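Trainee: Structure below; questions to follow.
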Amino acid sequence: MIATTKHSLKKLETLMKELGYAVRYEKGNFTSGYCLVEQRRIAIVNKFYDTEGRVNVLLDILSGYSVPPEGITLTPASEKLFARVRRLLSRQAASEEE
């Protein structure tokens, strides 16, 4: 389980940056909590979300990746976090199928 703390949020933001995303917190009328701008890897997260909501939004975006995109090299800390996120998301998907 990923803790929903500001520290965990900071780690996820760092991982997103290493994956090529700019994470911005803006107000907007988007119901999913985030929007991706024209394939430019800008994640705009609803700024009114609390820390838990922000963590969950970033995890939702990361669920689209099974491996980092080609040409992306992660730092060891981000690589470890990415693997942990993938395991967590895999377990959640398996439990939803049951």
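Each value in this text was obtained by applying a stated rule to the coordinates, not by laboratory testing. This structure is a prediction, so every number in the text was calculated from the model and none was measured. Virtual Cβ from ideal backbone geometry, glycine too; neighbours counted across all protein chains shown.
Trainee: With Cβ to Cβ distances under 14 Å as the rule, what net charge do the other residues near Val55 carry (K, R +1; D, E -1)?
Mentor: The answer is +1.
Trainee: If you don't mind, another one. What do you get when you divide the Cα radius of gyration of region 39-98 by 2.2 N^0.38 Å, with N the number of residues?
Mentor: This ratio for region 39-98 stands at 1.26.
Trainee: While we're on this one: First measure r as the distance between the Cβ atoms of Glu38 and Thr73, then evaluate 1/(1 + (r/R0)^6) with R0 = 25 Å and state the FRET efficiency to the nearest 0.05.
Mentor: After rounding to 0.05, the efficiency reads 0.50.
Trainee: Now, a different point. Among Gly53, Gly20, Gly64, determine the one that fluctuates most according to a GNM of the chain built with springs between C-alpha atoms less than 10 Å apart.
Mentor: In the Gaussian network model the winner is Gly64.
Trainee: In addition: Of all DSSP beta bridges located in region 6-97, what percent are antiparallel, nearest 5?
Mentor: Taking every DSSP beta bridge with both residues in region 6-97, the antiparallel ones total about 40 percent.
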